[in-house]
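Report on one structure; see the data block that follows.
The values are calculated or read from the model by the stated rules, or taken from the named source; none is laboratory data. This structure is a prediction, so every number in the text was calculated from the model and none was measured. With ideal geometry, Cβ positions are generated from the backbone for all residues, glycine too; neighbour counts draw on all protein chains shown.
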Ligand code: PEP
Ligand code: MG
């Protein structure tokens, strides 16, 4: 019965009163596309391109190899959005030929966009490959950079996209608290934001995402994290731009309602979570989601935030 109820609720993501929240899939390459299509994803909200770089420990994949992989993903969503993240190497995703070996704190070192700005040839090849892959397709290509810290980072990325002749929207991931605090300034350079809540939690709470002993602080219900989500979404709204979530937070159906209430404009998650998030979102109005979000932000712990949001949504 549960399966029947889930398949009945296919279609675009929306609250019960019709406020649209596109539900997108996180993918690591063409192999993840069938499950995303099957789950009714409206596009891809995070294409983690790192996976393409894992086959060879000495060099980046050739432009041709990249074009082929990007094209397969872009072709699967002819009318949809596909948000590609440029290479996020370093820290929890080390690449031998790019990542410095001697950093005392790799998560605080040269990773993400910082790596690409140190290796402009790698970034240029990736952007050129994306431009070629999207040529002639009706897809809405969006390209974003991981680990943007400030406006200078956002500008450096946007400039690189323009120089590569990429005809796409350029965006910044919000994964560092400084980016959430100064989101309006970053939005002077790019057209959209996407919250990477896994890293945003790590850097907000100084809690390594790979260390189980501090996992309590990695809980995406932490009210401080919700505050940073709200700041980012408000900044995007003020600038008339979009602000999605592509971290694990989006895959929790109850939290997805809270994120919607905080003003997030799209949710991207592993394909398997999409039917559950769609079904839960469809049960509540936008106003209910906003009340649940306010209740969660008023709490003093992740657990209290969860209980408070649940109480609002179940009408207690
Ligand atoms: C995140 O940090 O939330 C994110 C989506 O990126 P990744 O998990 O790949 O670092
Ligand atoms: Mg991240």
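For the stretch 180-195, filtering for residues that are within 16 Å of ligand 2 (Cβ to nearest atom) and within 23 Å of residue 301 (Cβ to Cβ) leaves 2. Condition (residue is farther than 21 Å from residue 43 by Cβ, within 16 Å of ligand 1 (Cβ to nearest atom) and touching a strand residue (DSSP E or B) at 6+ places or on another chain (Cβ under 8 Å)) applied to the stretch 277-293: is it met by at least one residue? Within the stretch 277-293 (the criterion being farther than 21 Å from residue 43 by Cβ, within 16 Å of ligand 1 (Cβ to nearest atom) and touching a strand residue (DSSP E or B) at 6+ places or on another chain (Cβ under 8 Å)), the answer is no, since none of the residues qualifies.
Residues that are within 19 Å of residue 178 (Cβ to Cβ), away from ligand 1 (no atom under 13 Å from the Cβ) and in contact with a strand residue (DSSP E or B) (Cβ under 9 Å, 6 or more places away or on another chain) within the stretch 188-223 comprise 189, 190, 192, listed in sequence order.
A single member of 45, 29, 90 is farther than 27 Å from residue 261 by Cα, surrounded by 14 or more Cβ atoms within 10 Å (Cβ to Cβ) and within 13 Å of ligand 1 (Cβ to nearest atom), and it is 90. Note on the stretch 158-176: among residues that are within 16 Å of ligand 1 (Cβ to nearest atom) and either within 20 Å of residue 47 (Cβ to Cβ) or at pLDDT below 95 (or both), the one that is nearest to the chain's Cα centre (by Cα) is 173. The stretch 211-316 holds helices (runs of 4 or more DSSP H) entirely within its bounds, and those carrying 2 or more residues that are touching a residue at least 12 places away in the same chain (Cβ under 8 Å) and within 20 Å of the chain's Cα centre (by Cα) map to 223-238, 253-261, 274-281. Only residues that are within 16 Å of ligand 2 (Cβ to nearest atom), within 19 Å of residue 63 (Cα to Cα) and part of a helix (DSSP H, G or I) were counted in the stretch 114-148, giving 2. Taking the conditions (1) within 19 Å of residue 244 (Cα to Cα); (2) surrounded by fewer than 21 Cβ atoms within 10 Å (Cβ to Cβ) in turn, residue 55 satisfies each one other than (1). Any residue at all in the stretch 196-212 that is buried (at least 22 other Cβ atoms within 10 Å of the Cβ) and more than 16 Å from ligand 2 (Cβ to nearest atom)? No, the conditions are met nowhere in the stretch 196-212. For residue 139, the test of being under 21 Å from residue 186 (Cβ atoms) and either in contact with a helix residue (DSSP H, G or I) (Cβ under 8 Å, 6 or more places away or on another chain) or surrounded by 14 or more Cβ atoms within 10 Å (Cβ to Cβ) (or both) is failed.
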